[in-house]
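Engineer: Got a structure for you, written out below as structure tokens; questions coming shortly.
The values are calculated or read from the model by the stated rules, or taken from the named source; none is laboratory data. The structure presented is a predicted model; accordingly, all values stated were derived computationally and were not measured. Backbone-built Cβ (ideal geometry, glycine too); neighbour counts: all protein chains shown. Keep in mind that these areas ignore ligands, DNA and RNA; they rest on the heavy atoms of the full protein, side chains included. Shrake-Rupley method; radii C 1.70, N 1.55, O 1.52, S 1.80 Å.
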Amino acid sequence: PLAVLRGEIEAIQDGVRKFKTERLVSLHAEVMHISRIVDDLKLINRAEAGDLSLSKIETDPIKLFRETLEQYKERLSKSEIKIDNSLPAQSVKVMIDPDRFRQVFINLLENVVRYVHSPGTVKVRSNIDQLSINFYLEDSGPGVSAEELPHLFDRFYRTDLSRNRETGGSGLGLAICKNLIEAHGSSIHAESIEPKGLRIVIKIDISDINLKSI
């Protein structure tokens, strides 16, 4: 984005491009894009340094994921991606930072909108045992190669299928998810699924939960 911003400004300075309102809008968009990257990097750095502030309160992560899915319902529909919501009819309260977990769910669904081929599907499910709450987000593909899979949560990593700058992100979304989840003492990883597709697994480790049907 810095190269794009510099190129636009220098082209105007050299008279190659006329200074127009639409150019200013484009430059502003690039500045905002850079600002988001800087903010994301600051968040990751704080998390890696163990300096990330978490406002933990008793929260139902299943309800939180259900609400986030509802927010993305229209965008997924426009992208011809069908939602298979198999989240359980239970209410479970654990001590987490709801804003941080909402950001994780948003980042995951944003990846679905950007990268899953349409028409496609995304399936969300969860199960609960004595040790953890487990979330599974599965999409219909195109999937990720075995070589790329271990790097999905690396900073700035983007697969070969997501190099297009118009549709691909900065490559920080999954890195943020990893750091936010691990800051809660929990884990996240990715798996390939047959015949093609990707499964993201979040495991929230728990010692005591308040569980009931809704």
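Engineer: Could you tell me whether any residue of region 93-104 is modelled with pLDDT under 90, under 26 Å from Ile37 (Cβ atoms), open to solvent by less than 20 Å² (accessible area, probe 1.4 Å) and in a helix (DSSP H, G or I)? Lay out the reasoning, then the answer.
Structural biologist: Here is the first cut: in region 93-104, the ones modelled with pLDDT under 90 are 93.
From what is left, the residues that are under 26 Å from Ile37 (Cβ atoms) are none.
No.
Engineer: Separate question: For a quick check of your reading of the model, give me the residue pairs whose first member lies in region 1-21 and is more than 24 Å from Gly171 (Cβ to Cβ), whose second is aromatic (Phe, Trp, Tyr) and open to solvent by 90 Å² or more (accessible area, probe 1.4 Å), with beta-carbon atoms closer than 7 Å and at least 6 apart or on different chains.
Structural biologist: Ile12/Phe19
Engineer: Condition first: under 19 Å from the mean Cα position of the chain (by Cα) and basic (Lys, Arg). Now tell me which residues in region 45-86 satisfy that.
Structural biologist: Arg46, Lys63, Arg66, Lys73, Arg75, Lys78, Lys82
Engineer: So, one more: If Ile62 meets every condition in (1) under 17 Å from Leu2 (Cβ atoms); (2) in contact with a Pro (Cβ under 8 Å, 6 or more places away or on another chain); (3) of a type outside the set (S, T, N, Q) apart from one, which number is that one?
Structural biologist: Status for Ile62: all satisfied but (1).
Engineer: Taking the options Val112, Val122, name whichever one is free of Cβ contacts under 8 Å to residues at least 60 places away in the same chain and either touching a Pro at 6+ places or on another chain (Cβ under 7 Å) or part of a strand (DSSP E or B) (or both).
Structural biologist: Step by step, each of Val112, Val122 is checked, and only Val122 is free of Cβ contacts under 8 Å to residues at least 60 places away in the same chain and either touching a Pro at 6+ places or on another chain (Cβ under 7 Å) or part of a strand (DSSP E or B) (or both).
Engineer: Among the numbered conditions (1) open to solvent by less than 60 Å² (accessible area, probe 1.4 Å); (2) under 16 Å from Phe65 (Cα atoms); (3) modelled with pLDDT under 90, tell me where Ile214 comes up short.
Structural biologist: So the condition that Ile214 fails would be (1).
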